[in-house]
Amino acid sequence: MADAASSVVNHFNGNIVYINVMKNISVDCDCDGNASAPCMADVGILASLDPVAIDQACLDLVYNSTDPGKDKLIERIESLHGVHTVEAAAELGVGSREYELITIE
C-alpha cells in the first residue's frame, strides 16, 4: 500500500491535498459492503498536504481518544499491523510522521 501511495504522490508532485473524514468509524474498510456498525463517535475532519502525517494524526487521535469503542478499533488496527503502512510510507519518503494538529472550531 505504501508503494502504491508513493506512486500517486510522485505523480501529482505536490499538487494534491489529503482529507480524512473520521466519522462513523468502524473496524471495517469503507469498501466493505457489509461493514460492522460504527464503534467510535465522530472525531472530525483532517486535512494535510502530507499523506503520512494525516494518517499518523488519525492513528494518534484513535489511540488517545476517551471513546470506549476505541478498544475494538485498536484491536483491529494492531491485529492487521495497520501502522506498518504509515511506517513504510515514511521510510519511502512519501511524507513525515511528524505533524502539528491545529483545531478549527
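We did not get these values from a lab; they are worked out from the coordinates using the rules stated. Because the structure is a prediction, the values reported are computed rather than measured. Neighbour counts are summed over all protein chains in view; Cβ atoms, including those assigned to glycine, are modelled from backbone coordinates with ideal geometry.
Note on Phe12 and Leu49: their simple-model spin labels are 1.3 nm apart, each label 7 Å out from Cα toward Cβ. With n ≥ 4 as the cut-off for DSSP H runs, can you work out [θ] at 222 nm for the chain, using -39500 (n - 2.57) per run divided by the number of residues, rounded to the nearest 500? The helix contribution divided over the chain gives -12500 deg cm²/dmol. Taken about its Cα centre, the chain carries a charge dipole of roughly 140 debye when the Cβ of each Lys and Arg holds +1 and the Cβ of each Asp and Glu holds -1. Cα centroids of region 11-39 and region 83-102: 17 Å apart. Here the label points at Asp67 and Ala35, each 7 Å from Cα along the C-beta direction, are separated by 1.2 nm in the simple model.
Quick one: which of 99-105, 1-7, 89-95 comes out on top by average Cβ neighbours within 10 Å, and what's the full order, highest first?
89-95, 1-7, 99-105
Derived from the Cα gyration tensor, the three semi-axes of the equivalent ellipsoid of region 37-96 are 22, 14, 8 Å, largest first.
Legend: P(r) of the chain from all alpha carbon pair distances, 5 Å bins from 0, whole percents, reading 2, 12, 21, 24, 21, 14, 6, 1.
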